[in-house]
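The values are calculated or read from the model by the stated rules, or taken from the named source; none is laboratory data. Keep in mind the model is a prediction, meaning the values are calculated, not measured. Cβ atoms come from the backbone with ideal geometry, glycine included; neighbour counts cover every protein chain shown.
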Amino acid sequence: MVKKEAKNGDYCDNSHNIIIWDLLNQKREDNIPEIDYKIVYVTLKPGESSIVYKLQNNSVIYFILEGKGLMHINNDEEEFHGVQVIYISPNSKHYIENTEDRELKFLRIFYPVKNDLKISP
């Protein structure tokens, strides 16, 4: 069993007004070789947006825990709120925008995680 607290995850990135904690990662979980997904816990500051992502070989699921915002996928945008799931197919340009005056909290689940997880501009 692997048990982790979000704020005690293995990796923290505090760039672009976004804080990312790596919870489960195929490359870091030596005792669970069958993991073929990656889960990160993310906090996005009020009024901020993530960078634009395009994952070439992976789909990503956003599980919104708290807050409201806009998900931009290719040329579309859709409003969302807490306790919703958003699926992004591979090769889709996307970014998430926090439209509230409080932090937006969500999980990002990458599947499958291949050795060549690539983020393109």
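One table, with the values for the structure above:
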{"quantity": "Tyr62 touching a residue at least 60 places away in the same chain (Cβ under 8 Å), farther than 14 Å from Pro112 by Cα, of a type in the set (Phe, Trp, Tyr) and surrounded by 15 or more Cβ atoms within 10 Å (Cβ to Cβ)", "calculated": "no"}
{"quantity": "So Ile19, is it at pLDDT 80 or above and exposed (fewer than 14 other Cβ atoms within 10 Å of the Cβ)", "calculated": "no"}
{"quantity": "Scan of the range 38-74 for residues that are among the small types (Gly, Ala, Ser) and assigned to a loop (DSSP other than H, G, I, E, B), ordered by number", "calculated": "Gly47, Ser50, Gly67"}
